[in-house]
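Undergrad: Structure below; questions to follow.
Here, each number is a calculation from the coordinates, and none is a lab measurement. Keep in mind it's a predicted model, so treat the numbers as computed, not measured. Neighbour counts are summed over all protein chains in view; Cβ atoms, including those assigned to glycine, are modelled from backbone coordinates with ideal geometry.
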Amino acid sequence: MRFAGIKELKHKTMDILKESKKEDIIITAYGKPAAILHHITEEDLADYLIENDPAFKNRVEESYIEYTASGGIAADAFIKKLEKRRGVKKV
C-alpha cells in the first residue's frame with residue numbers, strides 16, 4: 001500500500017490509476033488520509049453498486065424483519081417446495 005498526495009494525484013493521475021491495479025493507494029490531503037484508490041473491474045462494479053446502495057440495504061433489512069416476524073421458512077423446506085414446483089408442469 002502506498003500513499004499519494006493530492007498534488008501528485010493531480011499531476012500523475014494516469015500513472016497512479018495504473019499503479020492501483022497492483023495495490024491500493026491512500027490519497028492524502030495535507031498529510032492526512034482523504035480517500036483510498038482501489039482498482040475495480042467492470043464485473044465488480046455491479047456488485048459494488050448493490051452492496052453500497054443504501055436503498056438496497058434498507059430493503060434487505062425490511063425483508064429480514066418481515067421474514068422473522070412471520071416465522072419464515074427453513075432453507076431445506078424452501079428447497080423441497082421449489083423441487084415440488086419444478087416437478088409440476090402446467091400445459
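Undergrad: For the chain, take the longest principal axis of its alpha carbons; what is the angle in degrees between that and the long axis of helix 42-51, to the nearest 10 within 0 to 90?
TA: It is inclined by approximately 70 degrees.
Undergrad: Another question, if that's okay. With just the Cα atoms defining each centre, how far is the stretch 1-38 from the stretch 46-91? Give it in Å.
TA: 40 Å
Undergrad: Tally Lys/Arg at +1 and Asp/Glu at -1 over every other residue whose Cβ is under 15 Å from the Cβ of residue 59; what's the total? Write out the running numbers ahead of the final one.
TA: Working: positive: 57; negative: 51, 53, 61, 62, 66.
Around residue 59, the charge tally is -4.
Undergrad: Roughly what % antiparallel, to the nearest 5, for the DSSP beta bridges in the chain?
TA: Just about 55 percent of them are antiparallel.
Undergrad: To continue, here is another question. Relative to the longest principal Cα axis of the chain, at what angle does helix 75-87 sit, 0 to 90 degrees, rounded to 10?
TA: Helix 75-87 and the main axis of the chain meet at about 70 degrees.
Undergrad: What percent does the relative contact order of the chain come to when contacts are Cα pairs within less than 8 Å and at least six residues apart? Could you put the intermediate results ahead of the total?
TA: Working: 58 pairs, mean separation 16.5, N = 91.
For the chain, the relative contact order is 18 percent.
Undergrad: While we're looking at this one, here's another question. Of the chymotrypsin sites (Phe, Trp or Tyr not before Pro) in the stretch 29-91, which ones lie in a loop per DSSP and count no more than 11 other C-beta atoms within 10 Å?
TA: Sites meeting the loop and neighbour criteria: 30.
Undergrad: Note the full-extension length gain between residue 82 and residue 7 as 0.36 nm times their separation in residues minus their Cα-Cα distance, in nm to one decimal.
TA: 21.3 nm
Undergrad: While we're on this one: Count neighbours as other Cβ atoms within 10 Å of each site's Cβ, and list the trypsin sites (Lys or Arg not before Pro) in the stretch 11-91 that are DSSP loop with at most 11 such neighbours.
TA: Counting only loop positions with at most 11 other Cβ atoms within 10 Å, the trypsin sites (Lys or Arg not before Pro) in the stretch 11-91 are 21, 22, 89, 90.
Undergrad: Could you list, bin by bin from short to long, the percent of Cα-Cα pairs of the chain in 5 Å steps?
TA: Each 5 Å bin holds this share of Cα pairs: 2, 11, 12, 11, 10, 11, 9, 7, 7, 7, 7, 4, 2, 0.
Undergrad: Rounded to the nearest 10 degrees, what's the angle between the helix 54-69 long axis and the longest principal axis of the chain, both from Cα atoms, 0 to 90?
TA: Taking the Cα atoms of the chain, the angle to 54-69 is about 30 degrees.
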